[in-house]
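In what follows, a single structure is set out as C-alpha cells and then discussed.
The values are calculated or read from the model by the stated rules, or taken from the named source; none is laboratory data. Small disclaimer: the values here were computed from a predicted structure and weren't measured. Neighbour counts are summed over all protein chains in view; Cβ atoms, including those assigned to glycine, are modelled from backbone coordinates with ideal geometry.
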Ligand code: GLA
C-alpha cells in the first residue's frame, strides 16, 4: 500500500513539474526595451519611417542599447509588441511577419541580436486576435510556440484580448506546456491576471507564478504622471500586496508595465520617481522610449547603478507602503544583505519642499543602533541613529535610501 502511494506521489510530482514553467529563467527581473507605449501600432512606415513598427526600429534600438552603455548595465532585451505580423497566416497555418516592414523576417532580427549578446522578445495573444486585431494563438498554441522557438525568440508576451477570461487558467497553462516542449528557453510574460481582475474574478497568483515568469496585474501605462501614480497606488494597496506582492521573487515577477522615462510627460523628479519605484518593486525594467532622443539626465537615471542593484537584488522582494498621509509616503523594501531600502515620496502639489522623517523602527529596523544611510540618487553616505530626516521636493519628488548596518 505504502509502495502504491509512493508511486502515485511520484507520478503526481512529475505531472506537476511538467505542467509548471520549468525554464529557470530571469532569476532577477528582466531588463530591456519594449516598443508598445512609445510606438503603439504605427505601421505607416512610408509616412513616418523613424516612428513606426518595423525591423529598422528594433535594430536601431538594439544598437543604441549596445553603443550607449544600456546593454552593459543589464538592458539586454529588445521586445517586439503588437502589430508585427500579417493579418493572415500562411498556407501551413504559421504566423508571418509583415514582409514590407520586416523584410528579412523575425529570425534574422533574433540572429542579429544574439550576435550582439542580446535577446529578442515577441508578442502574441491567447485569444482569437491580438488587441490590435492581428492573429491570436487560439487554436495554434503548439504551432506558434514552435514557430517562435524556430525563430530563436527569447521571450513571449502573451496578451489576452478576444478571449474568454474563464478559460485563461487552463489556456495560459497550455502555453506554458507548449513553450516547455519546444526545448528553447523562452521567458513567458502573461497578461492573464489583469484580464481576470478587470472581469471581477479572483486571481490565484500562486497559480500564475507557477506558469509565468512575469505577469501584468494592472491596466496599461500611458505617458502621464497620473498613470504612473495610479500604478504605484495599486501596488501600495495592502490587499494587493497580500495577493501578489508576496509571490514576487526569482523567476516570478509582477509587472507594473513599461518605464516611460524619456517620453513626453514626466518632469525630472517624476522620472526619478518612476525609476525608483520600479526598482524598489523589483519590477521588470522595460523602457519604451526613443533612445536616440533621450536627454542626458534621463539616461543618467536609467543607468544609475545603485538603483539597478536594488532592482536586481537577489531576494526580489516587492516594496511595501508603510505610511501615507498628506501626500507624503514612506515605503520599505527588504534586501538580501539584511539592509532595508526606503523611499520617501512627496506627491503633494503644495509647491514647496517638505521635511520628511523616517524612523528606523517604522521600516522594521531595530532601534538604538547607528545606521549607514546611502542616498541612491546622489550616492552620498551619512550616518543616523533612530531616524533620518531630509527635504523632499513636491509634485513627485522621491528620496531613495539604502539603510545598512555599515557603509
Ligand atoms: C494591450 C497590452 C499592451 C499592448 C497592447 C497591444 O493593451 O496591455 O501592453 O501590448 O495590448 O495592442
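Below are the figures for this structure:
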| item | result |
| --- | --- |
| Test for residue 274: is it on the phi < 0 side of the Ramachandran plot and in a loop (DSSP other than H, G, I, E, B) | no |
| Among residues of segment 279-293, those that are surrounded by 24 or more Cβ atoms within 10 Å (Cβ to Cβ) and either out of contact with any strand residue (DSSP E or B) (no Cβ under 6 Å at 6 or more places or on another chain) or assigned by TED's automatic domain parsing to the domain that holds residue 340 (or both), counted | 4 |
| Subset tally (residues that are within 15 Å of the ligand (Cβ to nearest atom) and assigned to a helix (DSSP H, G or I)) for segment 205-227 | 1 |
| Helices (runs of 4 or more DSSP H) within segment 35-140 that include 1 or more residues loosely packed, with under 14 Cβ neighbours inside 10 Å | 55-67, 70-73, 105-115 |
| Segment 156-176 residues that are on the phi > 0 side of the Ramachandran plot, paired with ones that are assigned to a strand (DSSP E or B) (beta carbon under 8 Å, 6 or more apart) | 162/125; 162/129 |
| Matching residues, segment 277-287, being within 16 Å of the ligand (Cβ to nearest atom) and assigned to a helix (DSSP H, G or I) | 278 |
| Verdict on residue 231 being under 15 Å from the mean Cα position of the chain (by Cα), surrounded by 14 or more Cβ atoms within 10 Å (Cβ to Cβ), within 14 Å of the ligand (Cβ to nearest atom) and in a helix (DSSP H, G or I) | yes |
| Any chance residue 157 is assigned by TED's automatic domain parsing to the domain that holds residue 77 and buried (at least 22 other Cβ atoms within 10 Å of the Cβ) | yes |
| Meets criteria (touching a residue at least 40 places away in the same chain (Cβ under 8 Å), within 16 Å of the ligand (Cβ to nearest atom) and buried (at least 19 other Cβ atoms within 10 Å of the Cβ)) for residue 253 | yes |
| So residue 183, is it away from the ligand (no atom under 16 Å from the Cβ) and farther than 24 Å from residue 24 by Cβ | no |
| Residues that are outside any strand (DSSP E or B) and out of contact with any helix residue (DSSP H, G or I) (no Cβ under 8 Å at 6 or more places or on another chain), drawn from segment 311-337 | 312, 313, 314, 315, 316, 317, 326, 327, 336, 337 |
| Condition check for residue 143: within 16 Å of the ligand (Cβ to nearest atom), surrounded by fewer than 22 Cβ atoms within 10 Å (Cβ to Cβ), assigned by TED's automatic domain parsing to the domain that holds residue 74 and closer than 19 Å to residue 188 by Cα | no |
| Residue within segment 261-269 that is on the phi > 0 side of the Ramachandran plot, touching a strand residue (DSSP E or B) at 6+ places or on another chain (Cβ under 9 Å), modelled with pLDDT of 95 or more and more than 15 Å from the ligand (Cβ to nearest atom) present | yes |
